[in-house]
Amino acid sequence: MVYKSIMTQDDLDFDKLHIWHPYTSTTRPLPVYPVASAHGCELHLASGDVLVDGMSSWWATIHGYNHPRLNAAMKTQIDRMSHVMFGGITHQPAVDVCRRLVAMTPDALECVFLADTGSVSVEVAMKMALQYWHAKGEPRQRFLTFRNGYHGDTFGAMSVCDPDNSMHSLWKGYLPEKPVCPRAAKPFRRRVGRGGHGGFCASDGSAPP
């Protein structure tokens, strides 16, 4: 299949009738904006208009769109294999990225589990916590969450979001209920100084900026 760079009105009509976009109604869908290309933080529309993607593609495009180094890595990888399951199988790119991650983390954090989305990573973390306490023979099975928290859209991740003030409030009564703490009473507004946030976090937080 050859993909067109410019969407036609027929394409948009098909989209409206047959494609269910996230967070929208199937009977009264929100308008969608046809993107022709993307670069940096900008989405270039088929109309010629440019949008700034302030959400960074749901927080996943931290280096921006069309980054030359990432593009080159993806093009090299796709010629070898697009994807293989990770159960009982490994490959060099996985070893390379995990080796770098282990080198960055403290000694106690030396094992990497790879997940493909933020919601899945929350689900995995919850399962790890349950498995840890089960292995220790302690029946600790409840999770504590915070007001105004958002952790993803899969079922387990939704259960640790704010049950009343989040986009998942309509699911209340269906999700497992968790004890909820109030959010921090005082927001962090302190200047972090020349060392930046990294330097501040590496200190005890009491040194003057």
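The values are calculated or read from the model by the stated rules, or taken from the named source; none is laboratory data. Values in this document were obtained by computation on a predicted structure and should not be read as measured data. Cβ placement follows ideal geometry from the backbone for every residue including glycine, while neighbour counts extend to all protein chains displayed.
Annotations for the structure displayed:
- Pairing each residue of region 1-12 that is surrounded by 10 or more Cβ atoms within 10 Å (Cβ to Cβ) with any residue that is among the small types (Gly, Ala, Ser) and at pLDDT 55 or above, provided the two are 6+ apart or on different chains, yields C-beta distances under 9 Å for Met7/Ala36; Met7/Ala46.
- Thr61 fulfils the conditions (1) surrounded by 13 or more Cβ atoms within 10 Å (Cβ to Cβ); (2) more than 30 Å from Asp15 (Cα to Cα) except for a single criterion, (2).
- A count restricted to region 83-94 and to residues that are surrounded by 10 or more Cβ atoms within 10 Å (Cβ to Cβ) and either part of a helix (DSSP H, G or I) or not polar (S, T, N, Q) (or both) stands at 5.
- Tabulated pairs, region 23-46, first among the polar types (S, T, N, Q), second modelled with pLDDT of 90 or more and part of a loop (DSSP other than H, G, I, E, B), C-beta under 6 angstrom, 6+ apart or interchain: Thr26/Trp20
- Residues of region 134-156 that turn out to be outside any loop (DSSP other than H, G, I, E, B) and either surrounded by fewer than 13 Cβ atoms within 10 Å (Cβ to Cβ) or in contact with a Gly (Cβ under 8 Å, 6 or more places away or on another chain) (or both), as a count: 2
- Unmet criterion (only one of (1) in a helix (DSSP H, G or I); (2) loosely packed, with under 13 Cβ neighbours inside 10 Å) for Ser119: (2)
- Selected residue (criterion: nearest to the chain's Cα centre (by Cα)) from residues of region 57-82 that are in a loop (DSSP other than H, G, I, E, B) and farther than 30 Å from Tyr33 by Cβ: Met81
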